[in-house]
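The values are calculated or read from the model by the stated rules, or taken from the named source; none is laboratory data. Model, not experiment: these values are computed from the prediction. Quick reminder, even Gly has a Cβ in these numbers, built from the backbone with ideal geometry, and neighbours come from all protein chains shown.
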Amino acid sequence: MRSVCMATYNGEKYLREQLDSILPQLRDDDELIVSDDASTDRTLDIVYSYNDSRIKVFQNDNHGVAHNFENALRHASGDILYFADQDDVWLPGKLDKMEAFLKEGGYDTILCNCSRTDADLNIVKERHYDESWPMKKSLLRNLVNNCWLGSCMAFTKEVKDACMPFPPKAVAHDLWVSYYAQKHFKCGYLDEVLQLYRRHEGTVSFTGGKSRNSLYYRLSYRAYLAWHLLWA
């Protein structure tokens, strides 16, 4: 069984395209866990309009993106888990290809490649990862300059169970899960573009873009994660 974990917040503009790219890839026993962070637009109306029993919706009550994803993970039952952003588009076969690669390689956590696009899905960069994919970098180097991208990840239930709960002040779900996996589990990289990674003015993460956070904040936050990893 596979669990796709999606965190939503006021995502009505692009959500339908993403759902239409994910749902045809789900098997009958798979699930799409949607954790909504108190959206005030039509996000939940769009989700419920599919009337699909594989979609399970949970409320997060405005706790932020990292703990919105954590809430989705908490309710997920799958043996293999995927993070899904509300505004990307997954290419056909993504789930099957990642599952096969994870199992055949004996991996616990894997990453695929993606194409970076603008808001209208025009490709800005054909391959997000060139030669700098995370498994070529040590955990320490990734702490300094992160390469992990949550929407390109797949990982096992063992990884999920081990890295929960998130640190209380976590602000990036993918940083915590990927760093934890890189420290404790076997990680691999599938060098195939399997999704369109949409960048737009409302994007929450800054992977592939310039962060608006100060240098002090970025350094102190990484020190915070490093401290928690030290005792994890």
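Output the residue which, of all residues in segment 55-84 that are assigned to a loop (DSSP other than H, G, I, E, B) and farther than 18 Å from residue 160 by Cα, is modelled with the lowest pLDDT.
Out of the qualifying residues, it is 62.
Which one is nearest to residue 110 (Cα to Cα) among residues in segment 139-166 that are in contact with a helix residue (DSSP H, G or I) (Cβ under 6 Å, 6 or more places away or on another chain) and among the aliphatic types (A, V, I, L, M)?
154
What about residue 100, is it assigned to a helix (DSSP H, G or I), of a type in the set (Gly, Ala, Ser) and surrounded by fewer than 19 Cβ atoms within 10 Å (Cβ to Cβ)?
yes
Looking at 88, 37, can you tell me which residue is surrounded by 15 or more Cβ atoms within 10 Å (Cβ to Cβ), within 23 Å of residue 200 (Cβ to Cβ), in contact with a Leu (Cβ under 8 Å, 6 or more places away or on another chain) and of a type outside the set (Val, Ile, Thr)?
Just one listed residue meets the conditions, 88.
I'd like to check something: does segment 12-24 contain any residue that is of a type outside the set (A, V, I, L, M), within 24 Å of residue 77 (Cβ to Cβ) and more than 18 Å from the chain's Cα centre (by Cα)?
Looking for residues that are of a type outside the set (A, V, I, L, M), within 24 Å of residue 77 (Cβ to Cβ) and more than 18 Å from the chain's Cα centre (by Cα), one finds at least one in segment 12-24, hence yes.
When you scan segment 129-163, how many residues do you find that are closer than 16 Å to residue 3 by Cα and in contact (Cβ under 8 Å) with a residue 12 or more places away in the chain?
Qualifying residue count for the region: 11.
For segment 161-214, how many residues meet the condition of being of a type in the set (Lys, Arg) and either crowded, with 21+ Cβ neighbours inside 10 Å or at pLDDT below 90 (or both)?
Qualifying residue count, segment 161-214: 4.
Looking at this structure, is residue 78 within 20 Å of residue 32 (Cβ to Cβ), buried (at least 16 other Cβ atoms within 10 Å of the Cβ), of a type in the set (Gly, Ala, Ser) and more than 12 Å from the chain's Cα centre (by Cα)?
It is true that residue 78 is within 20 Å of residue 32 (Cβ to Cβ), buried (at least 16 other Cβ atoms within 10 Å of the Cβ), of a type in the set (Gly, Ala, Ser) and more than 12 Å from the chain's Cα centre (by Cα).
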